[in-house]
1. State which residue pairs qualify: first residue of a type in the set (D, E, K, R) and inside the stretch 1-25, second residue at pLDDT below 95 and surrounded by 10 or more Cβ atoms within 10 Å (Cβ to Cβ) in any location, beta carbons under 7 Å apart, and separation of 6 or more residues or different chains.
2. Every residue in the stretch 1-59 that is at pLDDT below 90, assigned to a helix (DSSP H, G or I), out of contact with any Phe, Trp or Tyr (no Cβ under 8 Å at 6 or more places or on another chain) and surrounded by 10 or more Cβ atoms within 10 Å (Cβ to Cβ), please.
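The values are calculated or read from the model by the stated rules, or taken from the named source; none is laboratory data. Keep in mind it's a predicted model, so treat the numbers as computed, not measured. Neighbour counts run over all protein chains shown; Cβ positions are idealised from the backbone, glycine included.
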Amino acid sequence: MIEVAVALLIVCAAAIYWYARLFPQGWGRLRTAMGFAPAPQPTIGKGCGGCTGCDRSGKGGCH
């Protein structure tokens, strides 16, 4: 009986490993949904103000 439990644990671990390797986005969403991963933080864009090619004369427009 112990052998069956150990074999089942090994098979489950292998299935989780390959699922995470083959479907990384799905694995990330699953971890987040189950509460095992922190919620993704939104990236704050620089906007046009952080762009070196922006028109800073006040006329608007970028590049």
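1. That search, which allows pairs on different chains as well, returns nothing.
2. Within the stretch 1-59, G28, R29, L30, R31, T32, C48 meet the criteria.
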